[in-house]
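Participant: Structure in structure tokens, see below.
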Amino acid sequence: MLEVRDISVAYGAIKALHGVSLSVAKGEIVTLIGCNGAGKSTTLRAISGLVRPGSGDILYEGRTLRGVAPHEIVRLGLAHSPEGRGVFPNMTVSENLDLGAYARKRSEHAQIREDREKALDLFPRLRERLKQSAGTLSGGEQQMLAMARALLARPRLLLLDEPSLGLAPQIVQLIFRIIREINAAGTTILLVEQNAHMALQVANRAYVLEVGRVVMSGDAKELARTDEVRKAYLGHG
Amino acid sequence: MDQLLQTLKDGIAIGSLYALIALGYTMVYGILKFINFAHSDVVVLGAWLSLLFARKLEAVTGWGAPPWWAGALVLILAMAACALAGFCIERLAYKPIRGAPRLNVLITAIGVSLFLQNMGQQEWMFGTRPANIPALVNDATLFTVGRVNFTLLDAAGVGTALALMVGLEWLVFHTKIGRGMRAVSHSTATASLMGVPVNRVISTTFVIGSALAAAGGFLWALKYSQIKQTADTSWTLLGLKAFVAAVVGGIGNVRGAMLGGLAIGMLEMFGAAYLWSSMTDVYVFGLLIAVLLLRPGGILGKAVVEKV
Ligand SMILES: Nc1ncnc2c1ncn2[C@@H]1O[C@H](COP(=O)(O)OP(=O)(O)OP(=O)(O)O)[C@@H](O)[C@H]1O
Ligand SMILES: [Mg+2]
């Protein structure tokens, strides 16, 4: 469904990615783990068009995303819930959700309303806060809003950047349960996480990124058993 | 009592004009985070185009007294022409340097401003001599309170400004494109991830801001009937005051610009009526300094707190 082929990305003089390749098949949960600054977010940004790779190519459902603007990529069914959630703090929860469906046509009105109900069923806490401004939500609620909003784009592929960042353990559990549910309902997921423990549990496959390169990849459960991953990412001595 | 009423009336009239112009500054700042110095020149363009359209209309219809729709038609034409001008300015001058350092953008804005001023002075454009706009409203006194007359012209001016502001408020807070504008103003990148076409939103912002500027120029022409040449300092001062209104209200904040415009207008008129009439500019810039010292974000501006 998604194929990233040997992409390199630089921010001015700083090289963030040096030839990253990865693929995601329909129906999978794939996770991308790595330390701070490894280039995880940059990889997602390249996929959603926010940064342009200097070389390499990205294919989504068989077509190249080279030169396609971010707002057009959303229309292709690829939604990106960014690092730090990116909710619009001055807007209400309800308006934030509406923005999630911005790319969809007016004629899809009924379908959008249905998706909205589904997203709110997934995150009932948001339903109670529809009129509240998003800036006043707790960190966990903002994360829920960011995910619900991404779902309103009706993505076939969902990119999630560190959904568990800074959240209390119970909320992290909840978020990961919902990631499973979203996947079970038919959405393919590419998940970036620092919480490697949880990410490897939920994912089918995993890639390990170190300073802009993929250093390991494979079945998530098997990777979790290797010494390198246990030592570097799971905190086993 | 009469003086109070008269001052209030004048304050609202000039304040709503400032507000219309301030909206253009604030909308562009909200989205692109730069001060569009060429904005006041679009106001001037609006005033001069109103004059040209009014003369044309007068010649074509050969009116003795202007028909009731003359003002509306001239206003719409001027707004449409300035909207187009705003679109072109953004496309030709600002879009190519999107993402460039702020100083470059600022210098470009000053360049656009000088260009418009100098082009307007050419004889084949508006020339360097002041001109008078034909009467567009068949003025009459509607009612009188004490010794203060409320005329059709007063009502038309304030009514037009209010209608446009209500329309803008509705657009920004209750439509899809308005939601897109607010999203882009918070974060271009995140907005684009929502599917908001950022470039189109920016174009729309310039188009709307310039149309409102044209309305400001039109109302100015209606009010003072004499229109000065495009590089006249009175225009610069008008633009500066509208800019102050935007800052006082909270730059980037649409409601703030409306409030700031009215505040500045009232301050000027009350200062002139009850203090020294020669010092109106001092009051305005004094208020600016006070606001910047006490509430740097402006009256309605507030720091946005983001949770981590
Ligand atoms: N806007 C930017 N300008 C300059 N350098 C950047 C920018 N964004 C990221 N970088 C650099 O690119 C590299 C990769 O950053 P990236 O954000 O992709 O890492 P990450 O794996 O997501 O890290 P984290 O886990 O901390 O989120 C880092 O060295 C970072 O400093
Ligand atoms: Mg990151």
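Participant: Is it the case that A:VAL74 is more than 22 Å from A:ARG125 (Cβ to Cβ) and either free of Cβ contacts under 8 Å to residues at least 60 places away in the same chain or part of a loop (DSSP other than H, G, I, E, B) (or both)? If you could, list the steps in order and put the result at the bottom.
Facilitator: Values: more than 22 Å from A:ARG125 (Cβ to Cβ): yes; either free of Cβ contacts under 8 Å to residues at least 60 places away in the same chain or part of a loop (DSSP other than H, G, I, E, B) (or both): no.
Against the criterion (more than 22 Å from A:ARG125 (Cβ to Cβ) and either free of Cβ contacts under 8 Å to residues at least 60 places away in the same chain or part of a loop (DSSP other than H, G, I, E, B) (or both)), A:VAL74 does not qualify.
Participant: Could I ask something else about it? So which residues in region B:161-176 are within 14 Å of chain A (Cβ to nearest Cβ), closer than 16 Å to B:VAL254 by Cβ and surrounded by fewer than 17 Cβ atoms within 10 Å (Cβ to Cβ)? Spell out how you get there, then give the answer.
Facilitator: Start the filter on region B:161-176 by keeping residues that are within 14 Å of chain A (Cβ to nearest Cβ), which leaves B:172-176.
From what is left, the residues that are closer than 16 Å to B:VAL254 by Cβ are B:172-175.
Matches in region B:161-176: B:PHE173, B:HIS174, B:THR175.
Participant: Might you check whether a residue that is open to solvent by 40 Å² or more (accessible area, probe 1.4 Å), closer than 19 Å to B:TYR224 by Cβ and in contact with a strand residue (DSSP E or B) (Cβ under 9 Å, 6 or more places away or on another chain) occurs anywhere in region B:114-137? Even if it seems obvious, please write down each step before you answer.
Facilitator: Step one: list which residues in region B:114-137 are open to solvent by 40 Å² or more (accessible area, probe 1.4 Å), which gives B:114-115, B:118-119, B:121-125, B:128-130, B:132, B:135.
Applying the additional criterion that residues be closer than 19 Å to B:TYR224 by Cβ yields B:128-130, B:132, B:135.
Going one step further and asking which of them are in contact with a strand residue (DSSP E or B) (Cβ under 9 Å, 6 or more places away or on another chain), we end up with B:130, B:132.
So far as region B:114-137 goes, yes, one or more of its residues are open to solvent by 40 Å² or more (accessible area, probe 1.4 Å), closer than 19 Å to B:TYR224 by Cβ and in contact with a strand residue (DSSP E or B) (Cβ under 9 Å, 6 or more places away or on another chain).
Participant: Follow-up question, since we're still on this one. Only one of A:ALA146, A:ALA153 is open to solvent by less than 10 Å² (accessible area, probe 1.4 Å) and among the small types (Gly, Ala, Ser); which?
Facilitator: Values: A:ALA153 fails: open to solvent by less than 10 Å² (accessible area, probe 1.4 Å).
After applying the criteria, what remains is A:ALA146.
Participant: If I ask for residues that are open to solvent by less than 20 Å² (accessible area, probe 1.4 Å), more than 16 Å from ligand 2 (Cβ to nearest atom) and within 14 Å of chain B (Cβ to nearest Cβ), which ones from region A:13-72 would you list?
Facilitator: Within region A:13-72, A:GLY49, A:LEU65, A:VAL68 qualify.
Participant: Read through the list (1) surrounded by fewer than 20 Cβ atoms within 10 Å (Cβ to Cβ); (2) touching a Leu at 6+ places or on another chain (Cβ under 7 Å); (3) within 13 Å of chain B (Cβ to nearest Cβ), then give the number of the only condition that A:LEU165 fails.
Facilitator: (2)
Participant: Take the residues in region B:189-204 that are surrounded by fewer than 21 Cβ atoms within 10 Å (Cβ to Cβ) and in contact (Cβ under 8 Å) with a residue 60 or more places away in the chain; name whichever of them is nearest to B:LEU8 (Cα to Cα).
Facilitator: B:SER203
Participant: I would also like to ask the following. Please specify each residue of region A:187-199 satisfying the condition of being at pLDDT 95 or above and either more than 14 Å from ligand 2 (Cβ to nearest atom) or aromatic (Phe, Trp, Tyr) (or both).
Facilitator: A:THR187, A:THR188, A:ILE189
Participant: Regarding region B:88-99, can at least one residue be identified that is open to solvent by less than 70 Å² (accessible area, probe 1.4 Å) and part of a loop (DSSP other than H, G, I, E, B)?
Facilitator: No; the residues of region B:88-99 include none that is open to solvent by less than 70 Å² (accessible area, probe 1.4 Å) and part of a loop (DSSP other than H, G, I, E, B).
Participant: Next question. So A:GLU141 clears everything in (1) facing another protein chain (nearest Cβ under 10 Å); (2) among the acidic types (Asp, Glu); (3) more than 20 Å from A:ASP115 (Cβ to Cβ) except one condition, right? Which one?
Facilitator: Among (1) facing another protein chain (nearest Cβ under 10 Å); (2) among the acidic types (Asp, Glu); (3) more than 20 Å from A:ASP115 (Cβ to Cβ), A:GLU141 violates only (3).
Participant: Here's something else I'd like to know. Filter region A:77-118 down to residues that are assigned to a helix (DSSP H, G or I), facing chain B (nearest Cβ under 8 Å) and open to solvent by less than 10 Å² (accessible area, probe 1.4 Å), then give me how many there are.
Facilitator: Of the residues in that region, 2 qualify.
Let's see how each residue does on (1) open to solvent by 10 Å² or more (accessible area, probe 1.4 Å); (2) under 14 Å from the mean Cα position of the chain (by Cα); (3) more than 16 Å from ligand 1 (Cβ to nearest atom):
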position: A:LEU122; (1), (2), (3): yes, no, yes
position: A:LYS131; (1), (2), (3): yes, no, yes
position: A:ALA134; (1), (2), (3): no, no, yes
position: A:LEU158; (1), (2), (3): no, yes, yes
position: A:ILE179; (1), (2), (3): no, yes, yes
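Participant: Can we say B:TYR283 is surrounded by fewer than 17 Cβ atoms within 10 Å (Cβ to Cβ) and away from chain A (no Cβ under 14 Å)?
Facilitator: Working: surrounded by fewer than 17 Cβ atoms within 10 Å (Cβ to Cβ): no; away from chain A (no Cβ under 14 Å): yes.
No; evaluated as a whole, the condition is false for this residue.
Participant: Across region B:207-228, what is the total count of residues that are touching a helix residue (DSSP H, G or I) at 6+ places or on another chain (Cβ under 7 Å) and either more than 21 Å from B:TYR25 (Cβ to Cβ) or not in a helix (DSSP H, G or I) (or both)?
Facilitator: Result for region B:207-228: 3.
Participant: Restricting to region A:1-54, count the residues that are of a type in the set (A, V, I, L, M, F, W, C) and more than 13 Å from ligand 1 (Cβ to nearest atom).
Facilitator: Initial filter on region A:1-54 (of a type in the set (A, V, I, L, M, F, W, C)): A:1-2, A:4, A:7, A:9-10, A:13-14, A:16-17, A:20, A:22, A:24-25, A:29-30, A:32-33, A:35, A:38, A:44, A:46-47, A:50-51.
Keeping just the survivors that are more than 13 Å from ligand 1 (Cβ to nearest atom) gives A:1-2, A:4, A:22, A:24-25, A:29-30.
Result for region A:1-54: 8.
Participant: Just to be sure I understand the filter: pairs with C-beta atoms under 7 Å, separated by 6 or more residues or on different chains, first member in region A:36-50 and over 12 Å from A:GLU210 (Cα atoms), second member near ligand 2 (Cβ under 9 Å from one of its atoms). Which pairs pass?
Facilitator: These pairs meet every condition: A:SER41/A:GLU83; A:SER41/A:ASP161; A:SER41/A:VAL192; A:LEU44/A:ASP161; A:LEU44/A:VAL192.
Participant: Restricting attention to region B:138-160, does a residue exist that is more than 14 Å from every other protein chain (Cβ to nearest Cβ) and in contact with a Pro (Cβ under 8 Å, 6 or more places away or on another chain)? Let's see the steps before the verdict.
Facilitator: To start, the set of residues in region B:138-160 that are more than 14 Å from every other protein chain (Cβ to nearest Cβ) comprises B:138-160.
Those still in the list that are in contact with a Pro (Cβ under 8 Å, 6 or more places away or on another chain) too: B:138.
For region B:138-160, residues more than 14 Å from every other protein chain (Cβ to nearest Cβ) and in contact with a Pro (Cβ under 8 Å, 6 or more places away or on another chain): present.
Yes/no matrix, rows are residues, columns are (1) modelled with pLDDT under 95; (2) open to solvent by 60 Å² or more (accessible area, probe 1.4 Å):
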| residue | (1), (2) |
| --- | --- |
| B:ASN36 | yes, no |
| B:VAL42 | no, no |
| B:LEU51 | yes, no |
| B:LYS56 | yes, yes |
| B:VAL60 | yes, yes |
| B:GLY64 | yes, yes |
| B:PRO67 | yes, no |
| B:LEU73 | yes, yes |
| B:ILE76 | no, yes |
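Participant: While we're looking at this one, here's another question. Being within 16 Å of ligand 1 (Cβ to nearest atom) and open to solvent by 40 Å² or more (accessible area, probe 1.4 Å) is the requirement here; does A:VAL211 meet it? Give the derivation first.
Facilitator: Details: within 16 Å of ligand 1 (Cβ to nearest atom): yes; open to solvent by 40 Å² or more (accessible area, probe 1.4 Å): yes.
Answer is yes for this residue.
Participant: In the set B:VAL248, B:VAL184, which member is farther than 30 Å from A:ALA46 by Cβ and in contact (Cβ under 8 Å) with a residue 12 or more places away in the chain? Break it down into steps so the answer makes sense when it comes.
Facilitator: Working: B:VAL184 fails: farther than 30 Å from A:ALA46 by Cβ.
Unique residue meeting the criteria: B:VAL248.
The values are calculated or read from the model by the stated rules, or taken from the named source; none is laboratory data. Just so it is clear, the model here is predicted, and its values are computed rather than measured. Every residue, glycine as well, gets a Cβ built from its backbone with ideal geometry; the counts of neighbours run over all protein chains shown. Remember, those area values only see protein heavy atoms, side chains included, never the ligands or the DNA or RNA. Shrake-Rupley method; radii C 1.70, N 1.55, O 1.52, S 1.80 Å.
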